[in-house]
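Scroll down for the structure; my scribbles are underneath it.
The values are calculated or read from the model by the stated rules, or taken from the named source; none is laboratory data. Predicted, not measured: the structure shown is a model, and the values here were computed from it. When we count neighbours, we look across all protein chains shown, and the Cβ atoms used for this are built from the backbone with ideal geometry, even at glycine. We work out accessible area using only protein heavy atoms, side chains counted, and drop any ligands, DNA or RNA first. Shrake-Rupley method; radii C 1.70, N 1.55, O 1.52, S 1.80 Å.
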Amino acid sequence: MSRTAVITGAAGDLGGALCAALSAEGWRVIGVDIRPPADIIADVCDAPKLAEIAAGIGADLKLWVNAAGVLGGGKPGVADLDTWQRLISINLTGTYAGCEAAFSVMRASEGGRIVNVGSLAGQVGGAPGMHPAYGASKAGVHALTKTYAQAGGRHNIRCNAVAPGVLAGSMASSQPEALLAKIARGNPTGRLGQMSEVVQAVLFLGDPERSDYINGAILPINGGLR
Ligand SMILES: NC(=O)c1ccc[n+]([C@@H]2O[C@H](COP(=O)([O-])OP(=O)(O)OC[C@H]3O[C@@H](n4cnc5c(N)ncnc54)[C@H](O)[C@@H]3O)[C@@H](O)[C@H]2O)c1
C-alpha cells in the first residue's frame, strides 16, 4: 500500500508547494490541474473525471486537497455575470466535485482526509476590487467543509479547510502593488502570508496522528486580521 494524495490546482503556487512537501514526506502524489505541470490534466468542473481519478486510486487514497481556484476582478454595481459563473463553477462546484469524489472512495475504504482551500474572503467578504463571487464561492467552500465533516465522522473521514489571507505569490501579484503594500501594512504582522505557512497547516490536517479530532474546522491563516 502506498498512501496517496491528490492535489487539485497542482500547477499553482500553493498546489505545487503542497505536491513538493507531500512527496518529501513520502506520499505518492497525484497533481491535477488544467495546465502543466500536473500528473493529470483535468478540469475540476468535470465531476465524472474527478470521480474516475479517485476510484482509480481506491483504498490508497488518504488525502484529497481541493486547492484549484481562481480570482476575478469586479465590484458591486459593475460585477459581471460571466465572472460570477466562472468563479462559482471553479471555486465552489469544483470543490464540491473533489469532495464528492474523495468522500465516496474514502467511505468505501478505511477513511481519509479532505482539506479544502477556503479564504479569509469567505469569512469576511472579498477585498475591494475582488468580484463578489470570490468571497461567496469561498464561503460556500467553508459550508461544504462542515457538511462533509459531519457526514464523514463515523467513516474515519475528516474534512477541514484552511482560510488564508493574502499570500505572496502569483495570485496576489495580479493585484496593484500599492494595494498589496496596504494589505501588508494593515495586517497585525505587517506582512503577507507565505505559501509554506499554508502547506504546514495542510500537512497537519492531513495527518491522522496529529489532527484526528479536528473535523469541520475552518483554520484562519491570516496573521490575526479581523
Ligand atoms: N494566493 C492567495 O493569496 C490566496 C489566498 C486565499 C486563498 N487562496 C486560494 O488558494 C488556492 C490556490 O491559490 P494559488 O495562490 O496557488 O493560486 P494559483 O493561481 O497559483 O493556482 C491556482 C491553480 O488552480 C488551477 N486551476 C484553475 N482553474 C482550474 C480548473 N478549472 N481545474 C483545475 N485547475 C484549475 C490553475 O491552473 C492554477 O494552477 C486557490 O483556491 C485560492 O483561491 C489563495
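Please pick out the residue among Lys49, Lys138, Lys146 that is open to solvent by 40 Å² or more (accessible area, probe 1.4 Å) and closer than 30 Å to Arg226 by Cβ. Steps first, answer last, please.
Numbers: Lys49 fails: closer than 30 Å to Arg226 by Cβ; Lys138 fails: open to solvent by 40 Å² or more (accessible area, probe 1.4 Å).
Sole residue among the options that is open to solvent by 40 Å² or more (accessible area, probe 1.4 Å) and closer than 30 Å to Arg226 by Cβ: Lys146.
Out of the residues in segment 62-81 meeting the condition of being more than 20 Å from Leu18 (Cα to Cα) and away from the ligand (no atom under 15 Å from the Cβ), tell me which one is least open to solvent (accessible area, probe 1.4 Å). Step through it out loud before you land on a result.
Residues of segment 62-81 that are more than 20 Å from Leu18 (Cα to Cα), as a first pass: 72-81.
From what's left, away from the ligand (no atom under 15 Å from the Cβ): 74-81.
On the way: Gly74: 18, Lys75: 122, Pro76: 116, Gly77: 86, Val78: 104, Ala79: 41, Asp80: 65, Leu81: 111 Å².
Taking the candidates together, the pick is Gly74.
Across segment 62-85, what is the number of residues that are at pLDDT 95 or above and either outside any loop (DSSP other than H, G, I, E, B) or acidic (Asp, Glu) (or both)?
Of the residues in that region, 11 qualify.
Of all the residues that make up segment 1-42, how many are among the polar types (S, T, N, Q), surrounded by fewer than 18 Cβ atoms within 10 Å (Cβ to Cβ) and within 11 Å of the ligand (Cβ to nearest atom)? Full working, then the answer.
Residues of segment 1-42 that are among the polar types (S, T, N, Q), as a first pass: 2, 4, 8, 23.
Filter once more, so that each one left must be surrounded by fewer than 18 Cβ atoms within 10 Å (Cβ to Cβ): 2, 23.
Applying the additional criterion that residues be within 11 Å of the ligand (Cβ to nearest atom) yields none.
Within segment 1-42, residues that are among the polar types (S, T, N, Q), surrounded by fewer than 18 Cβ atoms within 10 Å (Cβ to Cβ) and within 11 Å of the ligand (Cβ to nearest atom) number 0.
Which pairs have Cβ atoms under 6 Å, sit 6 or more apart or on different chains, and link a residue in segment 19-41 that is free of Cβ contacts under 8 Å to residues at least 40 places away in the same chain and β-branched (Val, Ile, Thr) to one that is open to solvent by 60 Å² or more (accessible area, probe 1.4 Å) and part of a loop (DSSP other than H, G, I, E, B)?
Ile30/Asp39; Ile34/Asp43
Filter segment 146-168 for residues that are part of a strand (DSSP E or B) and within 15 Å of the ligand (Cβ to nearest atom); which is nearest to Gln194 (Cα to Cα)? Before you say what the answer is, go through the steps one by one.
Taking segment 146-168 and keeping what is part of a strand (DSSP E or B), we get 157-164, 167.
Next, only the ones that are within 15 Å of the ligand (Cβ to nearest atom) stay: 160-164, 167.
Details: Asn160: 20, Ala161: 17, Val162: 13, Ala163: 13, Pro164: 9, Leu167: 5 Å.
Across segment 146-168, the extreme among qualifying residues is Leu167.
Those residues that are touching a strand residue (DSSP E or B) at 6+ places or on another chain (Cβ under 9 Å), free of Cβ contacts under 8 Å to residues at least 40 places away in the same chain, assigned to a helix (DSSP H, G or I) and open to solvent by less than 30 Å² (accessible area, probe 1.4 Å), I need them from segment 175-211; list them, please.
Hit for segment 175-211 is Ala201, nothing else.
Among the listed residues Ala102, Ala121, Ala127, which satisfies the condition of being under 27 Å from Arg210 (Cα atoms) and either away from the ligand (no atom under 15 Å from the Cβ) or of a type in the set (Gly, Ala, Ser) (or both)? Full working, then the answer.
Details: Ala121 fails: under 27 Å from Arg210 (Cα atoms); Ala127 fails: under 27 Å from Arg210 (Cα atoms).
On inspection, the qualifying residue turns out to be Ala102.
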